[in-house]
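Structure first, then comments.
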Amino acid sequence: MTIPNLITSIRIILVPIFVIYLINDELLPALVVFVLAGLSDGVDGLVARLFDQKSKLGSYLDPLADKILLVTAFVVLATMELVPPWLTVIVISRDILILLGVLILFLNGQDFTIKPSVWSKITTCLQLGSVFIVLSKDYLHLAPQFSIYLFWVTGILTVSSGLHYMRYWFQTIGAGTLGD
């Protein structure tokens, strides 16, 4: 077990705590837990690079932890009517699409590396930012229309990122030779 994998595991453990605060309508503690989870995402990658502790487990665990945190956040916030349901559907659909793509490549015996694209990183940042803005609405006092613009940009880039991954999979599968 490497330090980055431990940090990532802690991020996964924070998700139920985050949800409990949300469903109890305790947005400030939920915000604190969410920020800690978000910061841990950056810290685990930094530690992995600085101390040469990149691992195959980490390459699977880190994006999975992000998906668990973000999908959970969007689902709960949508049921609380704090984010638009259409954005939640887009976020979940993209993540399912990514998981299905990885599964298809794996089942076809394709050699591939799990490495997030720039589009994926930007999308994750926007999704994290959207959740952060929603949770901090009582503390930042941003204009309400700011959120809807952020939701639209997040939605558009989430779709773009999903399409980018689809293109990569089609190229990867097309480049491989599969037996009959």
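No value in this document is a laboratory result; all are computed from the given coordinates. All values derive from a computational prediction rather than experimental measurement. Because the Cβ atoms are built from the backbone with ideal geometry, glycine has one as well, and the counts that use them run over all protein chains shown.
Values as computed for the structure displayed
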{"read-out": "Student exercise, segment 67-180 dipole from Lys, Arg, Asp, Glu Cβ charges, in Debye to nearest 20", "value": "200 debye"}
{"read-out": "Within-14-Å neighbourhood charge of Trp169 [Cβ basis; K, R +1; D, E -1]", "value": "+2"}
{"read-out": "Projected-area mean, segment 29-78, by convex hull of Cα positions, square nanometres", "value": "3.6 nm²"}
{"read-out": "Convex hull projection area averaged over all views, segment 95-156, Cα basis, nm²", "value": "5.1 nm²"}
{"read-out": "Directionally averaged shadow of the chain, computed from the convex hull of its alpha-carbon atoms, nm²", "value": "11.3 nm²"}
{"read-out": "Neighbour-count ranking [beta-carbon atoms within 10 angstrom, fewest first] of Val131, Val76, Val89", "value": "Val89, Val76, Val131"}
{"read-out": "Positive-end residue, the chain charge dipole about Cα centroid, Cβ charges, pick of Phe112, Val134, Thr8", "value": "Phe112"}
{"read-out": "Proxy reagent accessibility, fewest Cβ within 10 Å first, across Phe74, Phe132", "value": "Phe132, Phe74"}
